[in-house]
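In what follows, a single structure is set out as structure tokens and then discussed.
Taken together, the values in this text are just the output of simple stated rules run on the coordinates, not laboratory data. What you are looking at is a predicted structure, and each value in this text was computed from that prediction instead of being measured. Don't worry about glycine lacking a Cβ; one is built from the backbone with ideal geometry, like all the others, and counts go over all protein chains shown.
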Amino acid sequence: IGALLATMDIAVCPSISGQGMQQKVFEPICRSLPVITTHTAGYPFENGKEVLLAATPDDYVRHLLALRDVATRQRIADAGYTKAQSLFHEERMKTIMRDAINAVLQR
């Protein structure tokens, strides 16, 4: 998937199942690509700022047309990447796991 993502300017990732944040959405965000998707599975990515959310085929087309602009693509990509780094960086994950283990051990 890495080689494919390296050739992309935009990731269009409709979500069919609606179960969690799918790898097809998460991976492009973490590689600083602008993403058009159906939902972010409860993660706090802001529509129009860090991702573009689409509920209908017309929404997908509207967002694709907006992303023809290189500056818009870069703004969305940069903001999504920054948010992903703040949510999922290694130290944050270690803290979450440590807190979860401590909570279980204190029961």
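Might you let me know whether region 44-57 holds any residue that is of a type outside the set (Gly, Ala, Ser) and assigned to a helix (DSSP H, G or I)? Looking through region 44-57, at least one residue is of a type outside the set (Gly, Ala, Ser) and assigned to a helix (DSSP H, G or I). Could you identify the single residue in 73, 62 that is out of contact with any Leu (no Cβ under 8 Å at 6 or more places or on another chain) and closer than 15 Å to residue 10 by Cα? Testing whether each residue is out of contact with any Leu (no Cβ under 8 Å at 6 or more places or on another chain) and closer than 15 Å to residue 10 by Cα leaves just 62. Residues that are buried (at least 16 other Cβ atoms within 10 Å of the Cβ), within 16 Å of residue 4 (Cβ to Cβ), out of contact with any His (no Cβ under 8 Å at 6 or more places or on another chain) and not basic (Lys, Arg) do not occur anywhere in region 50-64. The residue list 29, 1 contains one member that is surrounded by fewer than 18 Cβ atoms within 10 Å (Cβ to Cβ), touching a residue at least 12 places away in the same chain (Cβ under 8 Å) and β-branched (Val, Ile, Thr), which is 1.
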